[in-house]
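Please read the structure below before turning to the comments.
The values are calculated or read from the model by the stated rules, or taken from the named source; none is laboratory data. All values derive from a computational prediction rather than experimental measurement. Using ideal geometry, Cβ is built from the backbone for each residue, glycine included, and neighbour counts are taken over all protein chains shown. What goes into the accessible areas is simple: the full protein's heavy atoms, side chains included, and nothing from ligands, DNA or RNA. Shrake-Rupley method; radii C 1.70, N 1.55, O 1.52, S 1.80 Å.
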Amino acid sequence: MRTTSNPVFRNLPKQEGNGYASFGSATAGASQATQQFGQPQYAPAEPYQTGPTSRAMTIDDVVTKTGITLGVLTISALVSYFLVNNNSDLAGPLVIGGGLVGLVLVMVATFGRKMDNPAIVLAYAVAEGLFLGALSFMFTSVEFGGVGGSALIAQAVLGTFGVFFGMLVVYKTGAIRVTPRLTRMIIGALIGVVVLALGNLVASFFTEGGLGLRDGGTFAIIFSLVCIGIAAFSFLLDFDAADQLIRAQAPEKAAWGVAFGLTVTLVWLYVEILRLLSYFNND
């Protein structure tokens, strides 16, 4: 079993069943589904057993739950945007509060193994919506040093879903196979950018601009492009993890966990694309 860079998709069964329709074909790496990166993080999992009142998860469940989660996030983001537009003093509290609550919910869902809990998933969507709405306003408001205009937000949204569907096509066609080596590379790159981001944050307390990774300069543009690339490739691992759940005949509620993981990656990708676009517009 492969590991994924998205922590929400860590608990996967080791054996495959006949399954239902899935994200892609076996050419996307299903033949190596029993291989594992590094040491197992959890005790070996038994194949899922569905009860008499439940059924196995299908791709339709994944699409439906993901759509609901993104719909809640979108509504929350619109509410947040208009609240901040009417009162700019709310921008800071919504960005900080929404971001922190979202992070806490990710930790609870991941380490508490509650990824398939719809209440946690939808609460995360609300929190991240508040965060993204306020953050988007700050990036586009002249009052906060933004470039002005909401066109930047539309471009970021289109770019985010363009990358998402592009990577889905790549996965379905097997153009890039999800292998243990690819998984190790993506996880290593993810750890690297997290360390650099934290280092830049700490350095910003002592010097203006920190390490220069978020100041809009050349290094900042390169760093954002790297983050976008890692987020894009993370979708491949997410799709593969969802495929394994479907083949293992995980219960229907597991689709909430898939929706949660995809939303986490989408939020990160949107923020990085929005940031990158703001660099170019400021120039």
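The table below lists the values:
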{"read-out": "Pairwise FRET efficiency - Asn86 versus Phe111, Cβ, R0 = 45 Å, nearest 0.05", "value": "0.75"}
{"read-out": "Sites matching trypsin sites (Lys or Arg not before Pro) across segment 244-283 that sit in DSSP coil, with at most 16 neighbouring C-beta atoms within 10 Å", "value": "Lys253"}
{"read-out": "In segment 183-234, chymotrypsin sites (Phe, Trp or Tyr not before Pro) in a DSSP loop with at most 11 other beta-carbon atoms within 10 Å", "value": "Phe205, Phe206"}
{"read-out": "Amide H contacts of Ala56 (H built 1.01 Å from N, under 5 Å, at least 5 apart or other chain)", "value": "none"}
{"read-out": "Solvent-accessible ranking of Arg181, Arg214, largest area first, probe 1.4 Å", "value": "Arg181, Arg214"}
{"read-out": "Calculated FRET value between Glu252 and Ile176, using beta carbons and R₀ = 51 Å, to 0.05", "value": "0.95"}
{"read-out": "For segment 248-258, 3J(HN,Hα) per residue [Karplus equation, 6.51 cos²θ - 1.76 cosθ + 1.60, θ = phi - 60°, Hz, x = Gly/Pro]", "value": "7, 6, 4, x, 3, 5, 4, 4, 5, x, 4"}
{"read-out": "By accessible area with a 1.4 Å probe, ligands and nucleic acids excluded, highest first: order of Leu196, Leu168, Leu152", "value": "Leu196, Leu168, Leu152"}
{"read-out": "Rough spin-label spacing in nm, given labels placed 7 Å along Cα→Cβ, for Phe280 and Leu225", "value": "1.1 nm"}
{"read-out": "Residues whose placed amide H lies under 5 Å from that of Val178, excluding near-sequence neighbours", "value": "Gly29"}
